[in-house]
Amino acid sequence: MLVAALAMPMFAEKQSIEERANADYTAWLPEAGEFSIGFSVDPFANFLGNMFNGSTPNNYTRGQYNIGGQGLGYNQNSANILRNPIVSIMGSYMLTDQLGVKFNIGAVIDHTRTIYNVEDDAAKYENPFSHALVQDVKIAGQYGGSFSAGIEYRLGKKRVQGVFGVGAMYVFQTRKTTYSYGNAITALNQVPTIAGALGAAGDNVYGFNAEPGVYAATRLINDAVSPAAGEAFWHRIGLYTTVGVEWFVAPKIALGMNVNLDLLYKWSNNNCKQYEGYNILTGNVETFTDLRNVANYSGVTFGTENVGANLYLAFYFGTK
């Protein structure tokens with residue numbers, strides 16, 4: 001669709017420089033009472049860029065997290081940076097030919113379920129030569145959403161219009177990893193076998209005993225915050241301004257780009273880790289929620305961020 005829209009002017013009837021300068025593009029531009037819907041083409045542009053620089057689509061280099069087109073956080077120690085927004089939808093309604101109201105909804109959903117085969121400890125106990133298997137499951141998820149609304153004013157009567165706007169927005173992000181294990185913890189098997197990828201050379205789920213002397217060992221079952229992702233659940237709310245242009249490549253079809261300046265209040269929720277282990281004092285298998293060393297933050301940021309999408313394709317239509 002994008003390629004077709006950009007190619008349309010190439011096949012139009014050839015015009016002289018004077019004819020193009022005097023051409024009337026009024027019918028191409030937004031009018032009072034019209035709606036628009038727009039879609040981010042940032043992921044498409046990144047895909048094309050990586051085709052030519054030798055990178056793979058899953059090997060992007062980022063300087064900041066990107067939610068719904070909004071770069072609203074940066075964790076330089078994180079090796080697992082969020083992908084481009086899967087969904088970034090923009091819409092507007094023209095109150096006059098120049099003034100309109102605009103909104104944006106963005107979302108990131110990055111959900112990965114990994115299953116590992118592990119030898120069945122119970123079957124191995126009964127038959128040392130058994131090759132029966134159970135499964136460990138790791139679910140890693142990063143989720144986020146953005147919501148913004150404001151007003152915009154446009155200038156220009158030719159195919160290129162300047163677009164200026166102000167508005168408010170709210171953004172959230174969460175990230176966590178959960179584990180479930182095929183070999184259960186029991187009185188006879190207090191430290192069951194786990195998948196090699198979850199062991200000391202991998203996720204190291206047995207790497208921390210939440211209460212030495214109480215538990216024989218504890219293994220991680222819910223990691224909502226880790227040293228590489230200190231901002232596991234955070235929020236942003238505030239005001240933004242935007243300056244951009246829209247180039248009408250065909251009647252009521254525009255390719256747009258913008259830059260933004262925003263003032264945001266940010267805060268995070270407390271997050272913690274959960275473990276399971278055999279309590280040698282009570283003889284029970286218990287879940288331990290570790291609230292120690294839990295931290296949160298709040299503050300204000302002022303800078304250039306992305307509200308909606310930096311590069312987008314918009315379609316205008318009326319109700320008549």
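I'd like to know if segment 174-190 contains one or more residues that are open to solvent by 50 Å² or more (accessible area, probe 1.4 Å), in contact with a Lys or Arg (Cβ under 8 Å, 6 or more places away or on another chain) and modelled with pLDDT of 95 or more. No, segment 174-190 has no match at all.
What residue, of ALA187, ALA168, ALA250, ALA254, is small (Gly, Ala, Ser) and over 30 Å from GLY91 (Cβ atoms)?
Working: ALA168 fails: over 30 Å from GLY91 (Cβ atoms); ALA250 fails: over 30 Å from GLY91 (Cβ atoms); ALA254 fails: over 30 Å from GLY91 (Cβ atoms).
One residue alone meets the criteria, ALA187.
Taking segment 162-173 as the range and being aliphatic (A, V, I, L, M) and open to solvent by 40 Å² or more (accessible area, probe 1.4 Å) as the test, the residues that pass are VAL166, ALA168. Across segment 191-216, the number of residues qualifying as outside any loop (DSSP other than H, G, I, E, B) and open to solvent by 20 Å² or more (accessible area, probe 1.4 Å) comes to 4.
May I ask you to list the residues in segment 110-129 that are open to solvent by less than 30 Å² (accessible area, probe 1.4 Å) and either part of a strand (DSSP E or B) or hydroxyl-bearing (Ser, Thr, Tyr) (or both)? Across segment 110-129, the qualifying residue is only VAL118.
Screening the candidates ALA140, ALA132, ALA149, ALA224 for the property of being in contact with a Phe, Trp or Tyr (Cβ under 6 Å, 6 or more places away or on another chain) and open to solvent by less than 60 Å² (accessible area, probe 1.4 Å) yields one hit, ALA149.
The values are calculated or read from the model by the stated rules, or taken from the named source; none is laboratory data. In this text the structure is predicted, and so the values were computed from the model without any measurement. Glycine also receives a Cβ, built like all others from the backbone with ideal geometry; neighbour counts cover every protein chain displayed. What goes into the accessible areas is simple: the full protein's heavy atoms, side chains included, and nothing from ligands, DNA or RNA. Shrake-Rupley method; radii C 1.70, N 1.55, O 1.52, S 1.80 Å.
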